[in-house]
Amino acid sequence: MNTSEIDSIILSAVGEHWTKIAMVIARVADTVSHDLPPGDEGYEVISRRIEALVHDGRLLAQGDTKNWRFSEIRLKPN
């Protein structure tokens with residue numbers, strides 16, 4: 001699975017309301033678990049893609065994105 005496919009799944013799992021990054025990672029992992037490395041490494045792949053989407057301005061974040069349970073993301077308003 002390539003990064004654009006993972007990005008697309010992440011963006012479809014995030015809405016207009018703030019959502020914990022841990023929840024988004026869990027949703028995405030459930031969707032693509034068979035295409036990710038096993039265990040924590042797969043979660044890290046998703047986390048890195050979330051950080052890239054925040055950096056590119058496609059997602060908004062509040063809190064430290066590396067601290068999944070205490071940070072949130074949402075779609076950038078149009």
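Return the total of residues in segment 46-78 being assigned to a helix (DSSP H, G or I) and either more than 12 Å from ILE10 (Cβ to Cβ) or at pLDDT below 95 (or both).
Within segment 46-78, residues that are assigned to a helix (DSSP H, G or I) and either more than 12 Å from ILE10 (Cβ to Cβ) or at pLDDT below 95 (or both) number 4.
I'd like to verify a number: residues in segment 27-45 that are part of a helix (DSSP H, G or I) and either of a type in the set (Lys, Arg) or without any contact (Cβ under 8 Å) to a residue 24 or more places away in the chain (or both), how many?
12
Of the numbered conditions (1) small (Gly, Ala, Ser); (2) closer than 22 Å to ASN78 by Cβ; (3) in contact (Cβ under 8 Å) with a residue 40 or more places away in the chain, SER8 fails exactly one; give the number of that condition.
(3)
Quick one: count up the residues across segment 27-59 that are within 15 Å of LYS76 (Cβ to Cβ) and surrounded by fewer than 12 Cβ atoms within 10 Å (Cβ to Cβ).
Here the count works out to 3.
Give the number of residues within segment 11-21 that are without any contact (Cβ under 8 Å) to a residue 40 or more places away in the chain and in contact with a helix residue (DSSP H, G or I) (Cβ under 6 Å, 6 or more places away or on another chain). So that I can check it myself, show each step before the final result.
Here is the first cut: in segment 11-21, the residues without any contact (Cβ under 8 Å) to a residue 40 or more places away in the chain are 12-13.
Adding the requirement that they be in contact with a helix residue (DSSP H, G or I) (Cβ under 6 Å, 6 or more places away or on another chain) leaves 13.
Summing the residues that are without any contact (Cβ under 8 Å) to a residue 40 or more places away in the chain and in contact with a helix residue (DSSP H, G or I) (Cβ under 6 Å, 6 or more places away or on another chain) in segment 11-21 gives 1.
Confirm whether VAL24 is surrounded by 16 or more Cβ atoms within 10 Å (Cβ to Cβ), out of contact with any helix residue (DSSP H, G or I) (no Cβ under 6 Å at 6 or more places or on another chain) and in a helix (DSSP H, G or I). Let's see the steps before the verdict.
Values: surrounded by 16 or more Cβ atoms within 10 Å (Cβ to Cβ): yes; out of contact with any helix residue (DSSP H, G or I) (no Cβ under 6 Å at 6 or more places or on another chain): no; in a helix (DSSP H, G or I): yes.
So VAL24 does not fit the description; no.
Within segment 17-32, identify whether any single residue is modelled with pLDDT of 95 or more and more than 12 Å from the chain's Cα centre (by Cα), and answer yes or no.
yes
The values are calculated or read from the model by the stated rules, or taken from the named source; none is laboratory data. Note that the structure is a prediction, hence the values are computed from the model and not measured. Positions of Cβ are generated from backbone atoms using ideal geometry, with glycine treated the same way; all protein chains shown enter the neighbour counts.
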